[in-house]
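Before any comments, here is the structure.
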Amino acid sequence: MPLYVIMIEDSLGQSEVAAICLLNSEEKPVLQHLIKCFQKHNPDSSGIKVIMADKDIVERDVFKEEFPDASLLICKFHVLRTFNREITTEKMGISSAQRYVALELIQKLVHSSSEEDYNANLKLIETTCPRQIFNYIDTNWHNIRNEWVLGLTYFEGSLMNTTNNRIESFNQKLKQVIKLYSGLDLFFENFISLIGTLRNERDYKGSVEIQKSTCSYKGNEYHIYRI
């Protein structure tokens, strides 16, 4: 059964698991039910302003429908990985050299600093790369550019996050303590143990941050810990 994890970032920049759910499928009605359950038990979720996920079509549609006031962002790592996976010599019928040039220009496109910079980089792709590459970007990515181009509205509310590294890190820790095909009893036993350990680490880091104070001495900044 696939495990869905909803993770948030708190006011001290620490990660916190807000919800988990084991699903019997990943079809749209099941995901909608998951989000509605989350909203029911978390009334403050109506204040969510930014959601970061990958480019899964069903998942994105559900988040857009259930959180109409939130901006949906795509993890930069997943953006580049998708381009790397879709723009290949076999799928596009291009040479290795053409693929290399296209991926270099797409890197610039992702890191465009403004709408004008984006349009200039997109024009460069249109005039430099094979037509099928430009058509792929124009069809699948151009209309949602605010969700993946860093210099547009990407950082408005994202707390400077550009990737899903937080949840990827949590996923790696899960795999270390929970084996594939574990029974539900063993899964929850190990999960509760892991989440307790991670919350203790988070609380320790949070307490250290709270105890910090800043002072200046001859233009230099020092951190003093009140312990």
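The values are calculated or read from the model by the stated rules, or taken from the named source; none is laboratory data. Being a predicted model, the structure only gives us computed values, none of them experimental. Don't worry about glycine lacking a Cβ; one is built from the backbone with ideal geometry, like all the others, and counts go over all protein chains shown. Side chains are part of the model used for accessible areas, which takes the heavy atoms of the whole protein and leaves out ligands, DNA and RNA. Shrake-Rupley method; radii C 1.70, N 1.55, O 1.52, S 1.80 Å.
Structural remarks
- Comparison of D69, D54, D61 shows that the only residue that is over 16 Å from the mean Cα position of the chain (by Cα) and at pLDDT below 90 is D69.
- Lone unmet requirement of (1) over 30 Å from V5 (Cβ atoms); (2) open to solvent by 50 Å² or more (accessible area, probe 1.4 Å) for H111: (1)
- Enumeration of residues in segment 114-131 that are more than 25 Å from the chain's Cα centre (by Cα), more than 21 Å from F77 (Cβ to Cβ) and surrounded by 13 or more Cβ atoms within 10 Å (Cβ to Cβ): A120, L124, E126, T128, C129, P130
- Filter result for T153 (over 19 Å from the mean Cα position of the chain (by Cα) and surrounded by fewer than 18 Cβ atoms within 10 Å (Cβ to Cβ)): no
- Residue count, segment 74-98 (criterion: open to solvent by 30 Å² or more (accessible area, probe 1.4 Å), closer than 30 Å to S158 by Cβ and free of Cβ contacts under 8 Å to residues at least 40 places away in the same chain): 4
- Identity of the residue in segment 10-27, part of a loop (DSSP other than H, G, I, E, B) and touching a residue at least 40 places away in the same chain (Cβ under 8 Å), that ends up surrounded by the fewest Cβ atoms within 10 Å (Cβ to Cβ): D10
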